[in-house]
Amino acid sequence: MNTFLAVVFDGVVYSSWLFLMAAGLTLIYGVMRILNIAHGSLYALGAYVAATLGGAWIAAGHAPAGSFAMLALATLLVGVVMGPLIERGLLKWMYGKDEIVLLLITYAVFLILEDAIKLVWGVESKMLSEPYALPGNFQIGGLAYPVYNLVLIAVAALTGLALSWALYYTRRGKLLLAVIHDREMSAAMGINVDRVFLVTFSLGAMLAGLGGALTAPMIAVSPGIGVEVIVLSFAVVVIGGLGSLGGAALGALMVGIARSVAVRYWPEGELFIIYFVMALVLVARPRGLFSAPEARKL
Amino acid sequence: MSALEFILALALAKGLVVLGLLLLMRTGLVSFGQGLYFGLGAYSAALLAHRAGIGDGALMILAGPACAAAVAAVLGLLLARYREIFFAMLSLAFSMILYGMLVKSAALGSTDGFNLHAKTFAGIALPAGGERRVFFAVSVVIVAIVTWALHRYLASHWGRRSAAIRDNELRVEYLGASVYRVVYVNYVIAAALAGLGGAFAALAVGHVDPETTYWTTSGEFVFIAILGGTGNVLAPFLSAALFEALRTVANQYAPNVWQMTLGVAMLAIIMFLPGGLWTLVRRKAA
């Protein structure tokens, strides 16, 4: 029973992390029809900025608790700087191209950012362990867990709730839904689609940055951390149905729990199981679990 | 074997994979998972020597495409129903499944992979130290044959349907042709080509590892395909040769900005030369 509980808890922690990544990806796809490969680099960027800011904060002798504020600042920076930079600087000129061409464009951005990160931060890994160690541990059935895991779950849950509230209960959110439903018609009705795109992409970038910033204290931040993350979040988003927030949450839970069960009972299958779940879902529902049927256009 | 020969051998191997991608792209499909068949080809050739003890180069070269085509014949039944981004993502998922299995299998050397040697070719003993030169010569001949065959295929009745499918699937169906069947056949051909490329790459390098199936490898193939364009069956090989040569130079002088260069080149191609480098060749000829 205890191991079962531990497995589920591990799964939920991993799911929360996956959800943060997937939420941004699915949001950008839903609104802009861009499957953003550069999402992985934005995640890595969030982790690097967080590690740098947090490190500087601690080195300056401020209270370690303040390093949490640095994580938030890193998230904000990635969203506010990188989002507009990529959207206004590049993607804006590419709208109207095929989805697959847009995918290749973000792949190019991914390649550029990977090296840019190496040029700025070097190839040495960065550590920022204070936020992880600070809140201490708690027990589940005799096993010690860092409280930081609970922070991760809470942030993911709050982000999910805030996003769905903003989408379904605010005026701006409803405008966004209108753009998702029919871009041309929304523009004709006077919605500033240009601005909606900018805000959406920046918000998505911020979510990637948030994922990175929250991960930074748990790992050694080193080159290439974004490469694995991007395919994982793809898997989650595709399972849930591209563009669906609820789908991303369910996809994250499925992948997270499947992985933690595999890690416990069949360690060799850890990677296998994630993509196997994805393939299985796609076989049964070609467009993911929560996808609206699309009209066939001649 | 000189460095130049090595670059060319790899370029031919990768060119074969990209030739398969060209066929898919002519059909309107982009696969982000050709690494699956590239890796399968490489591993089946290597395993033949390493496990089964059959160190014959000719059999190894046959095993690559045979194994890849067999797997594609099954997966293709499913994948031929998918289009666009879903096709790209599902093929990616399948390649990552193989990657996940290879990485975790200690028997196959896990992330390190293992070495392979071929002692004979079609029953004839290979000269010690000259094996790779023989394989290189063989790959030149086979690539020439395969490329010519694909060129004929694309010009054939069946091959021209591929382009029609890219333009408008529904109309092809209305005209009474089976889109599914064309996509399926093209998918299996592309996989066999990738498997052949994988076998040649394994023989040229003398080593296989799971990296061959990772999504970045598949991404590299897509990059080479975009770079060369889909205008001609020779484009993949020119583009692959250019890619490998550039990589060798970059590794020497600027290893830290190699990916960045690729990214910028890709953006430039998409923006200014949507038909790939082959447009330049054709423009010159005209």
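Quick check: is even one residue across the stretch A:45-56 among the hydrophobic types (A, V, I, L, M, F, W, C) and surrounded by fewer than 24 Cβ atoms within 10 Å (Cβ to Cβ)?
Yes: one or more hits.
For the stretch B:267-286, which residues satisfy the criterion of being on the phi < 0 side of the Ramachandran plot and in a loop (DSSP other than H, G, I, E, B)?
If the condition is that a residue be on the phi < 0 side of the Ramachandran plot and in a loop (DSSP other than H, G, I, E, B), then B:L273, B:P274, B:G275, B:L277, B:A286 are the ones that fit.
Which numbered condition trips up A:M206, out of (1) crowded, with 24+ Cβ neighbours inside 10 Å; (2) modelled with pLDDT of 85 or more?
For A:M206, the exception is condition (1).
For the stretch A:267-284, which residues satisfy the criterion of being in contact (Cβ under 8 Å) with a residue 24 or more places away in the chain and either touching a His at 6+ places or on another chain (Cβ under 8 Å) or more than 7 Å from every other protein chain (Cβ to nearest Cβ) (or both)?
Once the filter is applied, which keeps residues that are in contact (Cβ under 8 Å) with a residue 24 or more places away in the chain and either touching a His at 6+ places or on another chain (Cβ under 8 Å) or more than 7 Å from every other protein chain (Cβ to nearest Cβ) (or both), the stretch A:267-284 yields A:I274, A:V277, A:V281.
Look through A:L42, A:L5, A:L77 and report the one residue that is in a helix (DSSP H, G or I), within 30 Å of A:I100 (Cβ to Cβ) and touching a residue at least 40 places away in the same chain (Cβ under 8 Å).
Answer to the selection: A:L42.
So B:L246 ticks every box in (1) away from every other protein chain (no Cβ under 14 Å); (2) at pLDDT below 90 but one. Which box is left unticked?
Failed condition: (1).
Within the stretch B:13-59, which residues are in contact with a Leu (Cβ under 6 Å, 6 or more places away or on another chain), within 25 Å of B:F121 (Cβ to Cβ) and not in a helix (DSSP H, G or I)?
B:I54
Picking from B:A70, B:A107, B:A63, B:A58, which residue would you name as being surrounded by fewer than 17 Cβ atoms within 10 Å (Cβ to Cβ), at pLDDT 85 or above and more than 9 Å from chain A (Cβ to nearest Cβ)?
B:A70
Out of A:S202, A:S233, which single residue is away from every other protein chain (no Cβ under 12 Å), under 18 Å from the mean Cα position of the chain (by Cα) and hydroxyl-bearing (S, T, Y)?
Checking each option against the conditions leaves just A:S202.
From B:T212, B:T279, which residue is crowded, with 22+ Cβ neighbours inside 10 Å, more than 20 Å from B:L4 (Cβ to Cβ), among the hydroxyl-bearing types (S, T, Y) and away from chain A (no Cβ under 11 Å)?
B:T212
If you check B:L21 against the conditions, is it closer than 12 Å to B:Y187 by Cα, touching a residue at least 24 places away in the same chain (Cβ under 8 Å) and crowded, with 24+ Cβ neighbours inside 10 Å?
It is true that B:L21 is closer than 12 Å to B:Y187 by Cα, touching a residue at least 24 places away in the same chain (Cβ under 8 Å) and crowded, with 24+ Cβ neighbours inside 10 Å.
The values are calculated or read from the model by the stated rules, or taken from the named source; none is laboratory data. Because the structure is predicted, anything quoted here is derived from the model rather than measured. Don't worry about glycine lacking a Cβ; one is built from the backbone with ideal geometry, like all the others, and counts go over all protein chains shown.
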